[in-house]
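To start, the structure under review is shown below, and the notes come after it.
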Amino acid sequence: MTSISKRVFGRLSNGQSADIYTLTNRHGLCAKITNFGGVVVALQVPDKAGQLGDVVLGFDTLAPYEDISPYFGALIGPYGNRIANAAFALNGRQYQLQKNDGSNCLHGGERGFDKLLWAAEAGEVSGVPTLQLNYLWPDGEGGFPGNLQLRAEYRLTDTNELTTCFFAVSDRASHVNFTQHSYFNLLGQGSVAQHKVQIDADSYLPIDENFIPLGEPAPVAESAFDFRKPKALGEGLQQGHLQTQRVNGGYDHNYVLNKTAANAYERAARVCEMQSGRVLEVYTTEPGLQFYSGNFLDGSICGKQGQRYSKHSGFCLEPQHFPDSPNQSQFPSTLLQPGECFESQIGFKFSTQ
């Protein structure tokens, strides 16, 4: 039977209490999500023998998510990814954001969606365990214009898909870009270098030394970035591409997805881990997919059950609009006008082979 339950997860440094919700579907797949940052704390998924295993990186307690987490499992916004020089111009005015990634603004600045305590409502909607998170992002917070009324919904379906749906309305024109930032390891431990990755994209966005897109997409063909057919993640890294060297020996790049129509909910990627037989498929309405291979994990973070998260201990597949879109007019627009409703959907679907 499907179910959804709630318990206290812990207290934040300001004394506020955060809860953790457990969503379970008819097949036993289980997602544990806290209303602090909308973080997916655990995701128990069966392997080919039917044994459940946790496939996301994270922590056993609340405090590290507030203090040291590199966005493990979190909701990301109001602008996911990087904005060059932490600034953009809009309607004749220059907006200065927080610099938290060198000269860039990353994932909304010092206190983005991942550091918010969201108001939560849990229940079943049409038989699907659903967690609804709400927050009012105030005008000027982090430098972003507009009072932004936010809603994020997690749903765990009986097709073994955990979906994240975003809705937002602003009273002023602003740029928005939301995503979900889970780090996956389908084996549950060790390196993800042997995970076989497929990304449904013919091109990607090369970046400069500050991780900002150079502007024009480049074809993936005959390069370390070609995942149009399944390929071990580590195989691409062995090619020593300048772009992978630029991000500490790995991937931290946005792929331009092969969409049949704008906003169509379609597959963006597929990852398989052969030992467990677990398969992850990523679906989205978004035009891009940030592929990050955990290049900056260095063993300094002690995660669940004492695991040390080393380089390439996990990977992220983050559906989104393109980095630095407010400053690059050739990219699909991230502008949300007053009164418009922003909607997007991300799905992580699990199976075995």
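Miscellaneous remarks
- The separation of region 295-353 from region 1-78, counted between C-alpha centres, amounts to 17 Å.
- Averaging the sequence gap over all C-alpha pairs within less than 8 Å and six or more residues apart, then dividing by the number of residues, gives the chain a relative contact order of 17 percent.
- The ranking of Ser351, Ser69 by Cβ neighbour count inside 10 Å, starting from the fewest, reads Ser351, Ser69.
- Fewest-first sequence of Arg7, Arg111, Arg151 by Cβ atoms within 10 Å of each Cβ: Arg7, Arg111, Arg151
- Helical contribution to [θ] at 222 nm, DSSP H n ≥ 4, -39,500 (n - 2.57), averaged over the chain, rounded to 500: -1000 deg cm²/dmol
- Dipole of region 3-182 [Lys/Arg +1, Asp/Glu -1 at C-beta], most positive-end residue of Ile68, Ile20, Tyr79: Tyr79
- Within the straight-line cut-off of under 12 Å between alpha carbons, the aspartates and glutamates reachable from Lys48 are Glu273, sequence neighbours fewer than 8 places apart in one chain being disregarded.
- Ranked Trp137, Trp118, criterion: other C-beta atoms within 10 Å, fewest first: Trp118, Trp137
We did not get these values from a lab; they are worked out from the coordinates using the rules stated. The shown structure was predicted, so the numbers you read here are calculated from the model rather than taken from an experiment. As a convention, Cβ positions derive from the backbone with ideal geometry for all residues, glycine included, and neighbour counts pool all protein chains shown.
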